[in-house]
Amino acid sequence: MPPRYVLAIDAGTTGNRAILFDRDMRVAARAYRELPVSFPHPGWVEQDPEAIRDGCLEAARETLSGVDPRDVAAIGIANQRETVIVWDSETGKPLCPAIVWQDRRTAEFCRGLDSAFLRRRTGLPADPYFSASKLRWIREHVALPGSAIAGTVDSWVLWNLTGGRRHATDASNASRTLLFDLRTGAWDPELCALFDVPRSMLPEITPTGGDLGACDPAVLGAPIPVAAAVGDQQAALFGQGCFRAGDAKATFGTGLFLVCNAGGEIPASDALLSTVAWRLGGETTYALEGSAFVAGAAVQWLRDGLGLIASADDSEAAAESVADNGGVYFAPALSGLGSPYWDAAARGLFIGLTRGTTRAHLVRAVLEAIAYQTRQLVELLGAALGVSIPELRADGGATGNGFLMRHLADVIGLRVVRPEMAELTAAGAAGIAGIAAGIWRSPEDFADRLGARRVFAPSGAARDAEYGRWKEAVERSRSWAS
């Protein structure tokens, strides 16, 4: 019998999960390992590369514990993007902590760069969010041996799955580094020189789906083909079935990422990011993306940093316990601001506090801010493409919050469509790998198996005034550091 399963490894920011899908995209098994994040200095965000590796492999082994690994047709990797890892190619040991995409330590260096030039070449602005300045910082501050190599999280996971036989990254991840020329689809020598990154340290760039190597049998018990590697937001775009130009999705995870399929031509925008969606069958599909650094992370902060809620689920009940936000607005600049500001110096704040402000008002203001951020990105996307988005497909952990989904539909004035399957990032990685391995005939064949969706329709409630006040709060968060 032909293999029946596809394994997705989703190496996320706050956790690593593995999900085993059958041919009908039913979940046969799943496992999860939480991933610690450290903040050693203000603006610094780090993780242990060995914890990333071990979490991915442990979750994969647990997921495969009840099946014959030879019954797995392929593995697809999805990953937190822009995070940089440097390791020794001879020993396989990491040489320093991973610098996470949220890290802002290179902000001053990035302010001195020609952002317009970088946008023309890479589709990205000069910002510490992207990988190149992180790698430059490591080379300046860590004594690296000649055998040091680097990559984003997909490269690190692939290296460990294949027993060190493959040092590669796909085009979607390469396009997030500030070292990749969108026009040529390759590493750019001028950019490598600008960031002082030797080409020899960088991985080979591969298609998003195809032959990325085979697992070392000692790792997962069989030489399972690795058939996909894709950045997490592009994976969610694929998992949402956004195969046509103009299809858009928003992922509400640690951050908020609104991504729209832009077709086969490189899109242009001064406010949004132009990036590779995927490279399949010799053709590259591009995307426009709006990135907000803090979404679910703000809810986590309410829980862990302020102690205002006992769990993320408590935020829905707290928000619904008050009639409105009590005039309180939250500027979610806890890690600076992404699209459209690209302001690393901005700082988070609440405004409108009074003696009548309660815990519930603060929680509600945080959830409302996620919706207002989304509206801002939807408006920018529509302006860049010259079209109106017909609906917004939503995924990620925060979509389980009913208050947020209802408020979001009202704020953006569009239908919000939430799939029954919550883990669209893993589904997208599985879909790309399964198509490459022959499990599904086409993207449409894969999408037909994704199951039911729930629709949140706008109620018609006017939210323009509140949206305007929220934008005022964001502007104040920008002036705070000046």
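The values are calculated or read from the model by the stated rules, or taken from the named source; none is laboratory data. The structure displayed is predicted, hence computed values, not measured ones. Cβ atoms come from the backbone with ideal geometry, glycine included; neighbour counts cover every protein chain shown.
General remarks:
- Considering the range 1-45, the residues that are of a type in the set (Val, Ile, Thr) and over 14 Å from GLU62 (Cβ atoms) include one that is surrounded by the most Cβ atoms within 10 Å (Cβ to Cβ), namely VAL6.
- Out of PRO198, PRO207, PRO189, one residue alone is surrounded by fewer than 24 Cβ atoms within 10 Å (Cβ to Cβ), out of contact with any His (no Cβ under 9 Å at 6 or more places or on another chain) and in contact (Cβ under 8 Å) with a residue 60 or more places away in the chain. It is PRO207.
- Residues in the range 75-89 that are farther than 17 Å from ALA51 by Cα and either of a type in the set (Phe, Trp, Tyr) or at pLDDT 95 or above (or both): ILE75, GLY76, SER89.
- Matching residues, the range 31-67, being in contact (Cβ under 8 Å) with a residue 60 or more places away in the chain, outside any helix (DSSP H, G or I) and under 20 Å from GLY221 (Cα atoms): LEU64, VAL67
- Every condition in (1) touching a strand residue (DSSP E or B) at 6+ places or on another chain (Cβ under 7 Å); (2) on the phi > 0 side of the Ramachandran plot holds for GLY209 except the one numbered (2).
- Taken together, ALA427, ALA422 contain a single residue that is in a loop (DSSP other than H, G, I, E, B), hydrophobic (A, V, I, L, M, F, W, C) and closer than 27 Å to VAL299 by Cα, which is ALA422.
- Of all residues in the range 88-110, those satisfying the criterion of being among the charged types (D, E, K, R) and over 13 Å from GLY43 (Cβ atoms) are ASP88, GLU90, LYS93.
- Filter result (modelled with pLDDT of 90 or more and β-branched (Val, Ile, Thr)) within the range 443-479: VAL474
- Looking only at residues in the range 346-405 that are surrounded by fewer than 18 Cβ atoms within 10 Å (Cβ to Cβ) and assigned to a helix (DSSP H, G or I), the one that is nearest to the chain's Cα centre (by Cα) is GLY400.
- Meets criteria (more than 22 Å from ASN160 (Cβ to Cβ), of a type outside the set (Ser, Thr, Tyr) and either in contact with a helix residue (DSSP H, G or I) (Cβ under 7 Å, 6 or more places away or on another chain) or at pLDDT 95 or above (or both)) for LEU202: no
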